[in-house]
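Step one of this worksheet: look at the structure below.
The values are calculated or read from the model by the stated rules, or taken from the named source; none is laboratory data. Keep in mind the model is a prediction, meaning the values are calculated, not measured. Neighbour counts are summed over all protein chains in view; Cβ atoms, including those assigned to glycine, are modelled from backbone coordinates with ideal geometry. Ligands, DNA and RNA are stripped out before the accessible areas are found, and what is left, the full protein with its side chains, is counted by its heavy atoms. Shrake-Rupley method; radii C 1.70, N 1.55, O 1.52, S 1.80 Å.
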Amino acid sequence: MDGAAEPLDRLEIAAIILIVLGIVETIVFALAFKYGFSFGGGSILYVYVGYRLLKRNPQTYKTVIRVLTAVLAIMMSAVWFLLMIAAYTTTSEIGMSLSLPVVTTTVAIVYCTVVASLSYLLFHPETRCGLGLEQAGLTPWILHLTRHRAIGIAVSGAIICGLILGPHVKSNPLRPIATTIHEDEKLRRSVGEISHISLSSFRIFNWTVYASITVYGSTNTGSYYAELDPNGAVSLDSYDFELMPDLVPSASENPEVTEYEAPSSTSESEVVLLSTSFEQQGSNVVNEIAPFVPHGDHEWARQTSSRSGKFAINAVPTGNPGILRYFGESLSRALLSSTLEGTYEPFDVSPFQSVTLEFWRFSTSNPSETHNCLGSLRVDYRLDDQEWQSKMVYCGRFKAKASKWSHGSLTFDTAGSTKLDIMFEYEYPPNSRPDRKAVYLVDDLQVRGSR
């Protein structure tokens, strides 16, 4: 009896591995949906397959074996792919090394271990014997696969790898990227004399190569996204620097508007209700961005890059985070207070027929060169605590096209109203690439009331 139960124990262990993997993936999938990161897997399907294996269903077993063989071929293609990338980076004339992220490497090792364990357990001769099937391979060194199946998996993996590389299989695709890096004058001005290049990610989709590169120079360390088209054209996009260079144009060293808030009463036909170039420094984080007051999960910050004076306000101080949340959920909000003290007070508009908001903005927050309105700044308003309404969306600019400050002017009809709330919202672009260089700056702001 004990001897007869052993093969079924292996089947049960394989089933439990699948069930546990399915539960873990389902939890991670739920977290990915909640927090906006990318994740894919079998999830709940693994739980169902594991349950069917526990029932010792021979047909389920055969189906799992077929799928597992395909997975092994895909995994083998990844091994071939990694070996080729390692060979590409070690080519002496490229001067590049491979440095994979710890998390990515760990996940890959875990999945390879799981697949190998399932293969060992399910192809084991005693497992197949317990299910009334013929034995496969006898040696554990090839996970009890038959020699024909093992050779077929290795060859299939090489073919898949070749199909993924496409035209790049004939030559080293990292060579034109490295050449472009060494010849790019703008890049060399940013990092100095290049001493080393490190490859942290590499993928191919539709025969276009996407790579993340870190360039170590004599004066700075820069991180870049590189794209290599099937025709050999290379494009570089910087997204991080160890020492962030200031690329924001300045109109003047002195602030063009003064720090001013309106007195409690005045009889002029047009009144400056608020004026600031964000020069005054507060004693805490809230006061640092006054008259803006945080109103969300991601706080704004003052930045020593400005249109005039020394400071401006940055709506995305840590750059674009690389999350996949889509429009309609702005996480970076700030209310515009009528005072400069860091506490929120709405604008008293009872004496005025209209109120005009003016400010200057500078953006490098759009990650797309083709989509003209990502990484945008939205201005909402409400009168007398009614529903919020959208007044204007100022689109973000692609960093290569961001060369100047732009002026914004909005007029609110306040006749018959007593209170005006104004809120600025930065909308994260739905893009999986983080970009610490991205900014959306606001400077030289004025609010005026007209009778």
Antiparallel content of DSSP bridges confined to region 302-443, in %, to 5: 95 percent
With Cα atoms, 0 to 90° folded angle of helix 2-35 axis to the chain main axis: 10 degrees
All lysines inside 20 Å of residue 186 as judged from Cα atoms, apart from same-chain residues fewer than 8 positions distant: 399, 401, 404, 437
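Where does the chain land at 222 nm, in deg cm²/dmol rounded to the nearest 500, when only DSSP H runs of n ≥ 4 count, each adding -39500 (n - 2.57), divided by all residues? Write down the numbers at each step before the final one.
Working: 9 runs with 145 residues, N = 451.
Rounded to the nearest 500, it is -10500 deg cm²/dmol.
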Estimated D of region 105-255 in µm² per second, where Rh is the Kirkwood radius over Cα pairs and Stokes-Einstein applies at 37 °C, 0.692 mPa s: 168 µm²/s
Highest average packing first - 361-367, 397-403, Cβ atoms within 10 Å: 361-367, 397-403
³J(HN,Hα) computed for each position of region 229-241 - Karplus, 6.51 cos²θ - 1.76 cosθ + 1.60, integer Hz, glycine/proline x: 6, x, 7, x, 6, 10, 10, 10, 9, 6, 9, 6, 9
Share of carbon and sulfur in the accessible heavy-atom surface of region 49-125 [1.4 Å probe, %]: 73 percent
Nearest 10 degrees, 0 to 90: helix 147-165 Cα axis against the chain principal axis: 30 degrees
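Quick check: at a probe of 1.4 Å, how many percent of the accessible area of region 326-434 sits on carbon and sulfur atoms?
44 percent
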Per the chain, cysteines lacking a partner by the 4.7 Å Cβ criterion: 112, 129, 161
Whole-number accessible area per residue in Å² for region 138-259, which is evaluated in the context of all protein chains at 1.4 Å: 56 Å²
Listed residue (206, 82, 127) projecting farthest to the positive dipole end of the chain, Cβ model: 127
